[in-house]
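Read-outs throughout are calculated quantities, based only on the coordinates presented, and are distinct from any laboratory measurement. Keep in mind that this is a model prediction, so the values were computed, not measured. We place every Cβ from the backbone using ideal geometry, glycine too, and count neighbours over all the protein chains shown.
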Amino acid sequence: MAVLAHVSDLHATPVRVRRPLDFAGKRFLGWLSWRVRRRNVHVARVLEALVDDLQAVAPDQVAVTGDLTNVASREEFPEALGWLERLGGPGRVSVVPGNHDAYVAVPREASWDHWTDYLRSDGETGPTAFPTLRTRGPLALVGVSSAHPTLPLFASGMVGAPQLEALERRLRELADSGLCRVILIHHPITEGVVSSRRALRDAGALRAVLARAGAELVLHGHGHRTLFSEVPGPAGPIPVVGVRSASDATDRVEKRAQYHLYEIESRGSGFRIETRIRGWNGAGRFQPIAERRL
Ligand SMILES: [Fe+2]
């Protein structure tokens, strides 16, 4: 059995305006939103408690589905790396980027390259190519990037045809491996769960890949809400689970920070997957919230 933790949407890197020119355009709106609201919503003390809780719970693996930063400024990527290191080493923590990590077009060496060890496939030595594959015990963690710069006021995502083709090949290759194929992606893939302004633009094409090639579990963030859904697979429905932000400290109970734990065990020709939700209690620590079998 393997225990996989899923955390997302940390948004815990402060936005510092060091070069005002970098903050012309969309980043200015993002900075304003952070300054007025988001910095009071996504707070470091919740992530500190998350780090403590993960240390106590000690899952085998941790998946982080993007939005570690706020406006993808140069200073945010090394700061986000600091949080990843606190969650664990690259052998234990796997990451895909989110739309905030591609808030505007940023040269790769100034952005995700800081996280390369946490992003890239096993054995890969060059820059990260998506989809990624990290095999950890019985898990095949398949990382899909939906992070894609957009116009102001949009937070949509895009996987793109080349990545979808590579994903289908990879999922087919893994189909008879006996490994539990877990897809990590920032944006929800189920239809109609976020507004079109925030949706994955080629979600239909991704669902078609999954319907043909299959997967055992899809994990996403982005919505900052708990979301249990399913998409069709070749051997029955594939569970799709969205997790809340891991750092939300506001009083809105329906958005308060959570993360998920998955106990995954091989069972016959498939897998038994149990979910446990742990959440911020508003008073300094995470505690059990609910359990569910997928
Ligand atoms: Fe997002």
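Mind giving me the nanometre distance, one decimal, between the label points for Arg272 and Ser196, set 7 Å out from Cα along Cα→Cβ?
Going by the 7 Å Cα→Cβ label model, 4.5 nm.
Let's see if you can work this out: charge +1 on each Lys and Arg Cβ, -1 on each Asp and Glu Cβ, no other charges. What is the dipole magnitude of the chain about its Cα centre, in debye to the nearest 20? Spell out each step's value before the answer.
Working: 38 positive and 32 negative charges, 170 e Å.
So the magnitude is around 820 debye.
Once you have a ≥ b ≥ c as the square roots of the Cα gyration tensor eigenvalues for the range 1-145, tell me rounded if a/c is under 1.5, and otherwise prolate or oblate according to whether a/b is larger than b/c. Could you put the intermediate results ahead of the total?
Numbers: a/c = 2.50, a/b = 1.43, b/c = 1.74.
It is oblate, given that a/c is not under 1.5 and a/b is not larger than b/c.
Pick out, from Leu54, Val106, Leu68, the residue whose Cα sits farthest towards the positive end of the charge dipole of the range 1-120, with +1 on the Cβ of Lys and Arg and -1 on the Cβ of Asp and Glu.
Val106
Once you have a ≥ b ≥ c as the square roots of the Cα gyration tensor eigenvalues for the range 142-207, tell me rounded if a/c is under 1.5, and otherwise prolate or oblate according to whether a/b is larger than b/c.
Taking the square roots of the gyration eigenvalues as a ≥ b ≥ c, the range 142-207 is prolate.
In whole Hz, what ³J(HN,Hα) sequence does the range 253-270 give by Karplus (6.51, -1.76, 1.60; θ = phi - 60°), x for Gly and Pro?
Whole-Hz 3J(HN,Hα) from phi for the range 253-270: 4, 6, 10, 4, 3, 8, 9, 10, 10, 10, 8, 10, 9, 5, 9, x, 8, x.
Can you give me the long-range amide H partners of Ile238? Hydrogens built in the peptide plane at 1.01 Å from N, cutoff under 5 Å, separation of 5 or more residues or another chain.
Placed amide hydrogens put Val231, Gly233 under 5 Å from Ile238.
If I build a Gaussian network model for the chain, linking alpha-carbon pairs within less than 10 angstrom, which residue out of Val64, Val95, Val218 has the largest mean-square fluctuation?
Evaluated over the chain, the most mobile residue of the options is Val218.
Considering Cα pairs under 8 angstrom that are at least six residues apart, work out the relative contact order of the chain and quote it in whole percent.
Working: 681 pairs, mean separation 59.6, N = 294.
This gives 20 percent for the chain.
In the range 267-291, whose amide N lies under 13 Å from the spot 7 Å out along Cα-to-Cβ of Val253? List them in ranges.
Only 282 pass the distance filter.
Determine the dipole magnitude for the range 75-125: charges of +1 sit on the beta-carbon of Lys and Arg, -1 on that of Asp and Glu, nothing else is charged, the reference point is the Cα centre, and the result goes in debye to the nearest 20. Numbers along the way, then the final one.
Values: 4 positive and 10 negative charges, 36 e Å.
Dipole of the range 75-125, to the nearest 20 debye: 180 debye.
Just to check I understand the Karplus step: with θ = phi - 60° and J = 6.51 cos²θ - 1.76 cosθ + 1.60, what whole-Hz values come out for the range 152-160, glycine and proline as x?
Using θ = phi - 60°, the values come out as x, 6, 10, 9, 6, x, 8, 8, x Hz.
Specify whether the C-alpha gyration tensor of the range 203-287 places it in the rounded, prolate or oblate class, a ≥ b ≥ c being the square roots of the eigenvalues: rounded for a/c under 1.5, otherwise prolate if a/b is larger than b/c and oblate if not.
oblate
What distance in nm lies between label points placed 7 Å from Cα along the C-beta direction at Phe154 and Arg212?
2.6 nm
Connecting C-alpha atoms closer than 10 Å in a GNM of the chain, tell me which of Gly214, Gly270, Gly242 has the biggest fluctuation.
Judging by the Gaussian network model, the answer is Gly270.
Label points 7 Å out from Cα along the Cβ direction at Gln287 and Arg74: separation in nm?
With each label point 7 Å from Cα toward Cβ, the separation is 4.5 nm.
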